[in-house]
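Presented below is the structure to which this report refers.
Only the coordinates and a few stated rules stand behind these numbers; no lab work does. Since this is a predicted model, take the numbers as computed values, not measurements. Positions of Cβ are backbone-derived with ideal geometry, glycine not excepted, and every protein chain shown enters the neighbour counts.
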Amino acid sequence: MTTVNLQIDLGGLIMKNPVTVASGTFGYGAEYADYFDVSRLGAVTVKSLSLEPRSGNPPPRIVETPAGMLNAIGLQNVGIDVYLKEKLPYLREKKCVIIANIYGSSPDDYAALAQRLEAEGGADAIEANLSCPNVHDAQQTRGGSLVAQHPEQVVRYTEAVKAATTLPVFIKLSPNVADITAPALAAQEAGADAVSLINTLIGMAIDTETRKPRLSNIVGGLSGPAIRPVALKMVWDAARALRIPVLAMGGIMCADDAIQFLLAGARAVAVGCASFRRPDAAIKTAQGIELYCRKHGIADINELIGAVEIS
């Protein structure tokens with residue numbers, strides 16, 4: 001039987017396998033402890049953290065769609081203080097590799113979060129969320145658009161985070177752009193160690209009986225298998241343009257989906273709303289990748305990265 005090396009280096013973060021979870025779909029790790037040992041994942045990406053607790057948007061905040069879901073949670077989270085005191089100890093006790101997703105209203109907010117997370121051992125890498133489509137605050141610029149939609153703003157925010165920490169910094173970008181390579185290259189230029197692609201697509205749903213939007217926020221983020229082809233194309237575009245690695249996400253439901261992203265050039269993948277349908281989806285994806293490699297005589301997972309054959 002082929003022995004497979006599943007370890008990857010994601011911008012300086014060493015992961016035992018190339019599978020993590022998408023921020024906002026996995027809580028802070030302990031929520032899934034009844035289903036599998038979360039330390040078996042390459043990394044646990046925690047729910048977005050802000051300087052102060054956030055209650056998020058009022059309900060209704062989730063709408064099921066064909067092959068996916070719309071959400072407008074609004075980055076509800078416990079805040080950095082509670083995370084460090086109450087959520088982090090479990091992850092450290094389990095010896096999990098931690099990617100901390102952070103969110104703020106200014107570059108200074110991001111810098112403060114990154115600095116504190118490193119100082120208090122709260123993360124092994126930082127994922128800066130510049131692309132959540134369902135919040136209304138100062139991070140949205142120029143009439144409601146996102147920081148991630150403006151390369152010059154991506155540079156500004158990335159530089160602030162990089163100056164505040166020595167941890168690997170990943171920049172999470174939005175698919176709601178004409179060309180994903182522009183903000184991705186901006187993140188690279190500003191010193192990002194990797195980019196996370198993609199966040200959710202912006203969408204909406206209307207109740208035809210009431211004639212009102214089905215989300216209180218009116219619009220939300222579309223995720224699930226419906227967006228996978230879009231995510232795969234954007235990962236492929238970005239991977240060909242960048243020197244830094246790509247952490248891919250968007251509709252990954254199983255190992256075959258994940259392998260497509262690796263072949264397109266992603267270094268690692270994140271399983272998102274699949275965990276709502278099957279709580280052990282992320283670890284099953286990691287196991288499936290290993291089985292695929294054994295079946296095809298692949299000794300090192302890195303051989304798959306960018307190995308799609310275009311002829």
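Rounded to the nearest whole Hz, the Karplus-based 3J(HN,Hα) values (6.51 cos²θ - 1.76 cosθ + 1.60, θ = phi - 60°) of the stretch 109-120 follow the sequence 4, 4, 4, 5, 5, 4, 4, 5, 4, 5, 4, 10, with x at glycine and proline.
Scanning residues 5 or more positions from L10 or on other chains, those with amide H under 5 Å from its amide H are M15, with H placed 1.01 Å from N in the peptide plane. For the stretch 155-311, the Cα-based Rg and Dmax, in that order, read 17.3, 57 Å.
Backbone amide hydrogens, once placed in the peptide plane, bring T45 within less than 5 Å of V21, I99, excluding anything fewer than 5 places away on its chain.
Proximity of backbone amide H atoms, modeled 1.01 Å from N, is registered between M249 and L197, I198, A270 at under 5 Å, excluding neighbours fewer than 5 places apart on the same chain. Between E309 and M204, how high is the FRET efficiency from 1/(1 + (r/R0)^6) when r is the Cβ-Cβ distance and R₀ = 22 Å? Nearest 0.05. After rounding to 0.05, the efficiency reads 0.05.
In sequence order, the stretch 200-217 has phi-based couplings of 6, 7, 7, x, 8, 9, 10, 7, 6, 6, 8, 6, 10, x, 7, 10, 5, 7 Hz under the Karplus curve 6.51 cos²θ - 1.76 cosθ + 1.60, θ = phi - 60°, and Gly or Pro positions carry x. Based on the Stokes-Einstein relation at 20 °C and a viscosity of 1.002 mPa s, and on the Kirkwood radius from alpha carbon pairs, the chain is assigned a translational diffusion coefficient of 111 µm²/s. The string of couplings for the stretch 295-309 from the Karplus curve (6.51, -1.76, 1.60, θ = phi - 60°) is 4, 9, x, 9, 7, 9, 4, 5, 5, 7, 5, x, 8, 4, 9 Hz, one whole number per residue in order, with x for Gly and Pro. Among beta bridges from DSSP that stay inside the chain, the antiparallel ones total about 40%. Restricting the calculation to Cα atoms, the stretch 73-138 shows an Rg/Rh of 0.97 when the hydrodynamic-style radius is the Kirkwood one. When the inverse distances between all different Cα atoms of the stretch 23-128 are averaged and flipped, the Kirkwood radius reads 14.4 angstrom. Across all Cα pairs in the stretch 101-212, the calculated P(r) in 10 Å bins from zero up to the longest distance comes to 15, 46, 26, 8, 4, 0 percent per bin.
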